[in-house]
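**Q** Got a structure for you, questions after.
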Amino acid sequence: MSPKIQLIRVDNRLVHGQTGVTWSNSLAIDTIVVIDDETVGNIFSQKLMTSIAKAGNVNIAFYSIEEFITVYNKANSDNKLFLLVKSIQVVRILFERGIRFPKINIGNIHYERGRYSLTKKIYLTKQDVEDLNFLNENDNYIFYQDVPGTMIEKINLLDFDKLRSR
């Protein structure tokens, strides 16, 4: 039996108060799984995120993309997982490699040059839009919700040119 993914969330902050406590508690998970090639090598970031996870009373694990795919496919447990990644591209890679999610939550993607506003907290590149459209076209449920209990906004197929011209 593979561990059960409760939710995957894209949030460039990864583990913070909302994800480490509020989301974790509402999802009734056992483990937060951070999938990020950079964070795997950053002990300081891991210690900070671990202290937040402890406050939420959940376990935490850190994997590179490739490590997670390997470990997940070999795992035999009934753990309930909350996956956190920094980018939509990681979600697409995981999906293309056979990992399935019940839902994809797009949280915070901060503004940078070349990113355009979808919401006040989500700024997308052309690649982000292409990846979201790919995931949508492959029957994934994608939504924005800041924290549990607030309004859910489903994210459907997007037009990058319309996003850019707002």
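**Q** From the phi angles alone, apply the Karplus equation (6.51, -1.76, 1.60; θ = phi - 60°) to segment 138-147 and give each ³J(HN,Hα) in whole Hz, x where the residue is Gly or Pro.
**A** 9, 6, 8, 8, 10, 8, 10, 7, 4, 9
**Q** To continue, here is another question. According to the square roots a ≥ b ≥ c of the eigenvalues of the Cα gyration tensor, what is the shape class of segment 104-166, taking rounded for a/c under 1.5, prolate for a/b larger than b/c otherwise, and oblate for the remainder?
**A** oblate
**Q** Rounded to the nearest 20 debye, what is the charge dipole size of the chain about its Cα centre when +1 sits on each Lys and Arg Cβ and -1 on each Asp and Glu Cβ?
**A** 400
**Q** Mind running the shape call on segment 1-117? Use the C-alpha gyration tensor, a ≥ b ≥ c as the square roots of the eigenvalues: rounded below 1.5 for a/c, prolate if a/b tops b/c, oblate otherwise.
**A** Rounded.
**Q** OK, next. Given a 1.4 Å probe and every protein chain left where it sits, what share in percent of the accessible area of the chain is carbon and sulfur?
**A** Whole-percent figure for carbon plus sulfur exposure: 49.
**Q** Short version: ³J(HN,Hα) in whole Hz for each residue of segment 62-72, in order, from phi by Karplus 6.51 cos²θ - 1.76 cosθ + 1.60 (θ = phi - 60°), x for Gly and Pro, what are they?
**A** 10, 9, 6, 4, 5, 4, 4, 4, 5, 5, 4
**Q** Same structure again: Each residue of segment 79-92 in turn: what ³J(HN,Hα) in whole Hz from Karplus with 6.51, -1.76, 1.60 and θ = phi - 60°, glycine and Pro shown as x?
**A** 4, 9, 10, 10, 8, 10, 9, 8, 9, 5, 4, 5, 4, 5
**Q** Follow-up question, since we're still on this one. Report for segment 18-166 the percent antiparallel among DSSP-assigned beta bridges with both residues inside it, nearest 5.
**A** Expressed as a percentage, antiparallel bridges in segment 18-166 total about 25.
**Q** If you don't mind, another one. Using alpha carbons only, how many degrees (0 to 90, rounded to 10) separate the axis of helix 126-137 from the longest principal axis of the chain?
**A** It is inclined by approximately 70 degrees.
The values are calculated or read from the model by the stated rules, or taken from the named source; none is laboratory data. Please read all numbers here as calculations on a predicted model, not as lab measurements. Reconstructed Cβ throughout: ideal geometry from the backbone, glycine too, with neighbour counts over all protein chains shown. Note: areas computed on protein heavy atoms with side chains; ligands, DNA, RNA excluded. Shrake-Rupley method; radii C 1.70, N 1.55, O 1.52, S 1.80 Å.
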